[in-house]
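Here is the structure we will look at.
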């Protein structure tokens, strides 16, 4: 592997870790408990954050009592409320504009995914330079 490839992998790895940390921190702030596992995958125009062990104790209790639909509805509400802060944070980390955000939760196994679709690099950098200088 060339030194340029190693530098790129290291930079990508640190940005992926920063994205994971951001999502875990915000989930914890909004729900009272963050996921115990998170991994971010960066590829071309996508940033995908896969989260595991996401449910709070109360949500797990509701699931045991047959209220999975209520838990999923509540999670969608959290994600709707968090979307601007999540997108802004990912834009700053990646220096790319977010053009779409999608989110989904799964009960068994307890997982969630946050998907950020990025603008092409030339669009993202110009937009963020103006935002960061404002």
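Scanning the stretch 56-74 for residues that are out of contact with any helix residue (DSSP H, G or I) (no Cβ under 8 Å at 6 or more places or on another chain) and part of a helix (DSSP H, G or I), which turns out surrounded by the most Cβ atoms within 10 Å (Cβ to Cβ)? Let's see the steps before the verdict.
Restricting attention to the stretch 56-74, the residues satisfying the condition of being out of contact with any helix residue (DSSP H, G or I) (no Cβ under 8 Å at 6 or more places or on another chain) are 57-58, 60-61, 64-67, 69, 72-73.
From the residues that got through so far, the ones that are part of a helix (DSSP H, G or I) too are 57-58, 60-61, 64, 69, 72-73.
Working: 57: 9, 58: 13, 60: 13, 61: 12, 64: 9, 69: 11, 72: 16, 73: 11.
Checking each candidate, the answer is 72.
Hey, any hits in the stretch 35-45 for a residue that's touching a helix residue (DSSP H, G or I) at 6+ places or on another chain (Cβ under 7 Å) and assigned to a loop (DSSP other than H, G, I, E, B)?
yes
Would you call residue 91 surrounded by 14 or more Cβ atoms within 10 Å (Cβ to Cβ), within 12 Å of the chain's Cα centre (by Cα), at pLDDT 95 or above and not in a helix (DSSP H, G or I)? Reasoning before the result, please.
Working: surrounded by 14 or more Cβ atoms within 10 Å (Cβ to Cβ): yes; within 12 Å of the chain's Cα centre (by Cα): yes; at pLDDT 95 or above: yes; not in a helix (DSSP H, G or I): no.
It is false that residue 91 is surrounded by 14 or more Cβ atoms within 10 Å (Cβ to Cβ), within 12 Å of the chain's Cα centre (by Cα), at pLDDT 95 or above and not in a helix (DSSP H, G or I).
Which pairs turn up if I take residues in the stretch 12-36 that are closer than 17 Å to residue 111 by Cβ and look for partners that are modelled with pLDDT under 95 and not in a helix (DSSP H, G or I) with beta carbon separation below 6 Å, at least 6 apart in sequence or on another chain?
Pairs found: 24/34; 27/34; 28/34.
Condition test on residue 12, is it touching a strand residue (DSSP E or B) at 6+ places or on another chain (Cβ under 9 Å), closer than 25 Å to residue 121 by Cβ and modelled with pLDDT under 95? Explain how you work it out, then say what you get.
Details: touching a strand residue (DSSP E or B) at 6+ places or on another chain (Cβ under 9 Å): yes; closer than 25 Å to residue 121 by Cβ: yes; modelled with pLDDT under 95: yes.
Considered against the rule, which asks whether it is touching a strand residue (DSSP E or B) at 6+ places or on another chain (Cβ under 9 Å), closer than 25 Å to residue 121 by Cβ and modelled with pLDDT under 95, residue 12 comes out as yes.
Determine whether the stretch 111-118 contains at least one residue that is within 17 Å of residue 28 (Cβ to Cβ), assigned to a helix (DSSP H, G or I) and in contact with a strand residue (DSSP E or B) (Cβ under 7 Å, 6 or more places away or on another chain). It would help to see each step written out before you state the result.
Initially, the stretch 111-118 is screened for residues within 17 Å of residue 28 (Cβ to Cβ), giving 111-112, 114.
Narrowing the set further to residues that are assigned to a helix (DSSP H, G or I) leaves none.
No, that holds for no residue.
The values are calculated or read from the model by the stated rules, or taken from the named source; none is laboratory data. In this text the structure is predicted, and so the values were computed from the model without any measurement. Positions of Cβ are generated from backbone atoms using ideal geometry, with glycine treated the same way; all protein chains shown enter the neighbour counts.
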